[in-house]
Amino acid sequence: MRFQSLGAVLFSLAIAVPTCVSAQDEVAAADTLVLSLDECIAIALDENPTIKVADMEIKRVDYSKKEIIGQLLPSISFDASYSRTIEKQVAYMNMDAFKGLASLGGGATSGEDASGESSSSSSSSSSDGGIKMGLDNSYTMGFSAALPIIAPQLWKSINLTDNQILQNVESARKSRLSLVSQVQKAYYTLMLAEDSYSVMQESYENAKFSHEVYEKRYKVGAASEYDVLRSSVAMKNIEPQLEQSKISIKQAQLQLFILMGMDTAVPFKTNAKLADFESTMYDNTLSLSRSISENSDLRMLDIQTETLKDALAVQKMAWFPTLALTANYTWTSSTNGAPFTNIRWNPYSTVGLALSLPIFQGGQRYSRIKQASIQVEEMKWQRQNLERSLQMQVDVAIDNIQMNVKQIATNAESVTQADKAHQIMEKSFEIGAASYLDLRDSELALTRAQLAYYQAIYNYLVANSDLELLLGNADLQKYESIKE
């Protein structure tokens, strides 16, 4: 099954009513989606509008290439026209050259006076001796064709569209890498919110337990009312933090749904905990790569450099001649009187070659070539500067990852110690060997240690995601297999 409808399928699964009536918590659990990180990324790569637009841009440029290739093929067109003459053109002839011919002929002919002019004016002649030319109606229709035979600039322009396609492909890849990083961070944020909620829930249960102990003691006269009130206040102070944790979970879920291109925010949770990543972080840190060859910005710059080189070649091709084959087959007709009457078509056809040889254009071609050459040279310096900047960012990212790994190890040890101290203090409090303040201090120390531990793991995962985006080495192919 293709993954493009996976969002709808998952939604249907999430809201499906169980076939048999079960307990209330079982129904709630059935309505909650459990998605892994890879599944969320796969959904986002298939449903996110940004990715769809990037893929459409590749198709658009592919059609642009076909458009240029079409210019190498014959172009055929049909044209037709009609014109009505309102005022005919008048032509005048110099008759001085014919005066000698008139004397050789023995003088004026019949119907002519001594000056050689006609005694009666013709209908096609004007009063001052001009002759009106043309007919009232003119019709033309026919086919024309052209085929480029030698077109160096056009040939080289195809390479430009190839590079444009490569740019769009790389741009789509960059969009996918960026989306993967965004989904990862949103997923890590959701895990942090869920784990933080668990910590606050545990803190709330501890405060509730202390309050219940004091209530029992107060009933038998072993504790004062002040102790009951103080433990109740401590318990109620945790409730707003607990509610804030729930809101954080909901916000993280909504952010994930937006990135996955899903319209309805179906309740779901992660299938992992932040602590699960601690076991693999050491191996991952030792195998970190520093290669920036797959960086999207660097690859895009290389493609742009090749594009400028091809543009330079196109400008140089402007010095070469062009040759095209032309042909046309036309029918014409001219009539007097009313339009579209007495039409007689006369065919007319030609075949020929059109040669264009550029000689001088005021130095424009030379200037364009120099501009393109300078742009190519500029790209070399830009690439060198980009390499240095990326290498520095990689070093900083790896340092952050290593620092976070050390912080995780330290915080994990702190959680172990704080948990052990809290257990000791809890037992002491139950037998009356420790005060409520001692117990509360141990609870707060354990809560802070757990939150700091989860925050350190979150920072480590985010730093890893940033490094992966920087290096551009995310395995996009594995998400394609999830779509099937």
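The values are calculated or read from the model by the stated rules, or taken from the named source; none is laboratory data. Since this is a predicted model, take the numbers as computed values, not measurements. Positions of Cβ are generated from backbone atoms using ideal geometry, with glycine treated the same way; all protein chains shown enter the neighbour counts.
One residue stands out among those in the stretch 165-196 that are under 25 Å from Arg60 (Cβ atoms) and among the β-branched types (Val, Ile, Thr): the one that is surrounded by the fewest Cβ atoms within 10 Å (Cβ to Cβ), which is Val169. Scanning the stretch 459-484 for residues that are crowded, with 21+ Cβ neighbours inside 10 Å and either more than 28 Å from the chain's Cα centre (by Cα) or of a type in the set (Asp, Glu) (or both) yields one hit, Tyr460. Out of the residues in the stretch 221-250 that are over 30 Å from Ala44 (Cα atoms) and of a type in the set (S, T, N, Q), state the one that is modelled with the lowest pLDDT. It comes out as Ser224.
Selection of the stretch 394-405 for residues being surrounded by fewer than 15 Cβ atoms within 10 Å (Cβ to Cβ) and in contact with a helix residue (DSSP H, G or I) (Cβ under 8 Å, 6 or more places away or on another chain) yields only Gln402.
Criterion applied to Thr350, Thr330 was being out of contact with any Phe, Trp or Tyr (no Cβ under 6 Å at 6 or more places or on another chain) and either of a type outside the set (A, V, I, L, M, F, W, C) or not in a strand (DSSP E or B) (or both), and the one residue passing it is Thr350. From the list Val394, Val415, Val405, the lone residue that is within 28 Å of the chain's Cα centre (by Cα) and β-branched (Val, Ile, Thr) is Val394. Among all positions in the stretch 274-290, there is no residue which is more than 30 Å from Thr410 (Cβ to Cβ) and either at pLDDT 90 or above or surrounded by fewer than 18 Cβ atoms within 10 Å (Cβ to Cβ) (or both). Please verify whether the stretch 255-266 includes one or more residues that are under 25 Å from the mean Cα position of the chain (by Cα), of a type in the set (Phe, Trp, Tyr) and farther than 26 Å from Tyr453 by Cα. Within the stretch 255-266, one or more residues are under 25 Å from the mean Cα position of the chain (by Cα), of a type in the set (Phe, Trp, Tyr) and farther than 26 Å from Tyr453 by Cα.
The single condition from (1) modelled with pLDDT under 80; (2) surrounded by 10 or more Cβ atoms within 10 Å (Cβ to Cβ); (3) farther than 30 Å from Lys316 by Cβ; (4) not β-branched (Val, Ile, Thr) that Asn159 fails is (3). Against the conditions (1) more than 40 Å from the chain's Cα centre (by Cα); (2) hydrophobic (A, V, I, L, M, F, W, C); (3) under 26 Å from Gln384 (Cα atoms), Leu355 satisfies every one except (3). Looking at the structure I just gave you, is Leu288 in a helix (DSSP H, G or I) and under 32 Å from the mean Cα position of the chain (by Cα)? No: the conditions fail for Leu288.
Candidates Ser248, Ser232: the one that is of a type outside the set (Asp, Glu), touching a Leu at 6+ places or on another chain (Cβ under 9 Å) and surrounded by fewer than 18 Cβ atoms within 10 Å (Cβ to Cβ) is Ser248. Please verify whether the stretch 428-435 includes one or more residues that are over 27 Å from Ser293 (Cβ atoms), β-branched (Val, Ile, Thr) and either at pLDDT below 90 or part of a loop (DSSP other than H, G, I, E, B) (or both). The answer is yes, given that some residue of the stretch 428-435 is over 27 Å from Ser293 (Cβ atoms), β-branched (Val, Ile, Thr) and either at pLDDT below 90 or part of a loop (DSSP other than H, G, I, E, B) (or both). Could you check, for the stretch 199-221, whether at least one of its residues is of a type in the set (A, V, I, L, M, F, W, C) and not in a helix (DSSP H, G or I)? Scanning the stretch 199-221 turns up at least one residue that is of a type in the set (A, V, I, L, M, F, W, C) and not in a helix (DSSP H, G or I). Within the stretch 358-365, is even one residue within 28 Å of Gln167 (Cα to Cα) and at pLDDT below 90? Within the stretch 358-365 (the criterion being within 28 Å of Gln167 (Cα to Cα) and at pLDDT below 90), the answer is yes, since at least one residue qualifies. Scanning the stretch 446-480 for residues being in a helix (DSSP H, G or I), more than 15 Å from Ser291 (Cα to Cα) and not basic (Lys, Arg) gives a total of 21.
Where helices (runs of 4 or more DSSP H) fall wholly inside the stretch 1-96, the ranges with 1 or more residues that are modelled with pLDDT of 80 or more and surrounded by 15 or more Cβ atoms within 10 Å (Cβ to Cβ) are 37-47, 49-70. Within the stretch 251-268, the residues that satisfy the criterion of being within 18 Å of Tyr458 (Cα to Cα) and either surrounded by 19 or more Cβ atoms within 10 Å (Cβ to Cβ) or modelled with pLDDT under 85 (or both) are Ala252, Gln253, Leu256. Does the stretch 346-405 hold any residues that are of a type in the set (A, V, I, L, M) and either in contact with a Pro (Cβ under 8 Å, 6 or more places away or on another chain) or closer than 19 Å to Pro321 by Cβ (or both), and which are they? Leu353, Ala354, Leu355, Leu357, Ile359, Ile369, listed by residue number.
Of everything listed in (1) modelled with pLDDT under 90; (2) within 31 Å of the chain's Cα centre (by Cα); (3) of a type in the set (D, E, K, R); (4) more than 26 Å from Ala172 (Cα to Cα), the single unmet condition for Asp441 is (2).
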